[in-house]
Amino acid sequence: MNPGDRVRVERAGVTNEGVLMPSTTADYLVIKRDGGYNVGIEREDAEVDVLETDVYDVGDEGEGEDSSVVEFDDDLPTIALISTGGTIASTVDYRTGAVTARFDAEDVLRAVPDLAGRANYRGRVVANILSENMTPEIWRDLAEAVHEEIEAGADGVVVMHGTDTMQYSAAALSFMLDTPVPIVFTGSQRSADRPSSDNVMNAVCAVEAAKGDAAEVMVCMHASESDDVCALHEGTRVRKSHTSRRDAFRTIGAKPLGEVDYDTEAVSFRRDYAKRGAATLDIASDLADDVELVKFTPGMDPAAWDYLEGKSGVVIEGTGLGHVHTDLIPRIEELVDDGAVVAMTSQCLEGRVCDRVYDTGRDLLDAGVVEAGDTLPETAKVKLMWAIANTDDPAGAMQRSLNGELTEQSRPWT
């Protein structure tokens, strides 16, 4: 038997049938079952029947110069594929049967053959991390990489990113870059070796959006649990709202900016957007690293905020219209007196802060707190980091919209 043969393996009363894959050890067989999952089986005492030979072309992918070639087509747009890691940047390594992070343009086309013929691709790795390990320094590297790719002639950029902190990174690039072409973040909730993986559809839709007319920073992910449409969310108005569903991402306070139909490849929009070519490419990648996002909870000890001393900026996630316990207000006033910009956001998913209604709110305003309207807390942190480093009046910047993060007024949208 050889890799690529269809086999039936019986061991310890369990039968597995599928395609034999290469294995890094002689002690185990690796079988790709019909459902898409890989399974490792101890070779000792296993009975193997070869059902069909050479049903699957399994070679040493990635080995040798001729393993994969991405040919350039003058009639196709060029899309830069930039990876920071995460599930979508992983492929099945058929030498081990495992999911592994290997990324260049050839790797992407092997993992998602549906991308072939849609564009010319350039692959680039900025980081190879779990997205919870994202840092402001990587945001700077990512912004500079995107800037370089657009400057080199890319007609659009797709950033492949882990989903857990994608909303932060999309917001960061929204503030750091003026872009004449689409910048589309996408990811995968489920890995490539799972039959319910969303990596193919998300990648295809992201590329179609990157070829489109909206020169925005967007997040492209499943719009529902079905494999039919991907939603396009503004980078400053999106958040991950479910731990594991494929349609985990939501635009907060509005419907998504647009959508991509997976079957027809049509890209459509519900609201106004920046047109391709309207902006001049520019970058402002400086960030203030000493900005914190803190959440108020009942019973919180004011001493818990002692670590905020010396910070240049603080975003508070308050209750309701933007409140904290009265005992915390003197601590906030001290932060402001020491030069920190303190911005108030709300723990509520909808609506905006307004500290002019109740006594606590008025006391917070007197203490120097800046209202951030309906800016999402996560976006507000990134915005304040950027505003402190790039504007003369960061407090004023927090009270006006720079990239769609702050609406003039909250309105019912459902």
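The values are calculated or read from the model by the stated rules, or taken from the named source; none is laboratory data. No experiment lies behind these values; they were computed from the predicted model shown. Positions of Cβ are generated from backbone atoms using ideal geometry, with glycine treated the same way; all protein chains shown enter the neighbour counts. What goes into the accessible areas is simple: the full protein's heavy atoms, side chains included, and nothing from ligands, DNA or RNA. Shrake-Rupley method; radii C 1.70, N 1.55, O 1.52, S 1.80 Å.
When you look at ARG250, is it touching an Asp or Glu at 6+ places or on another chain (Cβ under 7 Å), crowded, with 17+ Cβ neighbours inside 10 Å and in contact (Cβ under 8 Å) with a residue 12 or more places away in the chain, yes or no? No: the conditions fail for ARG250. So in the range 365-387, with the set limited to residues that are over 22 Å from GLU350 (Cα atoms) and crowded, with 22+ Cβ neighbours inside 10 Å, which one is farthest from the chain's Cα centre (by Cα)? So the residue we want is ALA387. Here the strands (runs of 3 or more DSSP E) wholly within the range 49-133 that include at least 1 residues being closer than 19 Å to VAL39 by Cα and at pLDDT below 60 are 90-93, 98-101. Checked against (1) part of a loop (DSSP other than H, G, I, E, B); (2) under 16 Å from CYS230 (Cβ atoms); (3) among the hydrophobic types (A, V, I, L, M, F, W, C), ALA154 passes all but a single condition, namely (2). Scan the range 348-364 for residues that are open to solvent by less than 50 Å² (accessible area, probe 1.4 Å) and outside any loop (DSSP other than H, G, I, E, B) and jot them down. THR360, GLY361, LEU364 - these are the residues of the range 348-364 that are open to solvent by less than 50 Å² (accessible area, probe 1.4 Å) and outside any loop (DSSP other than H, G, I, E, B). Just so you know, in the range 256-309 the residues that are without any contact (Cβ under 8 Å) to a residue 12 or more places away in the chain, among the hydroxyl-bearing types (Ser, Thr, Tyr) and closer than 27 Å to GLY117 by Cβ include one that is surrounded by the fewest Cβ atoms within 10 Å (Cβ to Cβ), and it is THR264. Consider GLU10 carefully, then state whether it is more than 39 Å from the chain's Cα centre (by Cα), of a type outside the set (A, V, I, L, M) and either within 27 Å of PRO113 (Cα to Cα) or at pLDDT 90 or above (or both). Yes: the conditions hold for GLU10. The set of residues in the range 211-250 being closer than 23 Å to ASP263 by Cβ and either more than 15 Å from the chain's Cα centre (by Cα) or polar (S, T, N, Q) (or both) consists of LYS211, GLY212, ASP213, ALA214, SER224, GLU225, SER226, ASP227, ASP228, VAL229. Does any residue of the range 215-228 turn out to be assigned to a loop (DSSP other than H, G, I, E, B) and without any contact (Cβ under 8 Å) to a residue 12 or more places away in the chain? Checked against the condition, which is being assigned to a loop (DSSP other than H, G, I, E, B) and without any contact (Cβ under 8 Å) to a residue 12 or more places away in the chain, the range 215-228 yields at least one hit. Close contacts from the range 310-323, counting a first residue that is under 22 Å from ASP359 (Cβ atoms) and a second that is among the aromatic types (Phe, Trp, Tyr) and surrounded by fewer than 19 Cβ atoms within 10 Å (Cβ to Cβ), with Cβ to Cβ under 9 Å and a gap of 6+ residues or different chains, come to ILE316/PHE296; GLU317/PHE296; GLY318/PHE296; THR319/PHE296; GLY320/TYR358; LEU321/TYR358; HIS323/PHE296; HIS323/TYR358. Residue pairs whose Cβ atoms lie under 6 Å apart, separated by 6 or more positions or on different chains, with the first residue in the range 363-375 and on the phi > 0 side of the Ramachandran plot and the second surrounded by 21 or more Cβ atoms within 10 Å (Cβ to Cβ) and part of a loop (DSSP other than H, G, I, E, B), are GLY373/LEU406.
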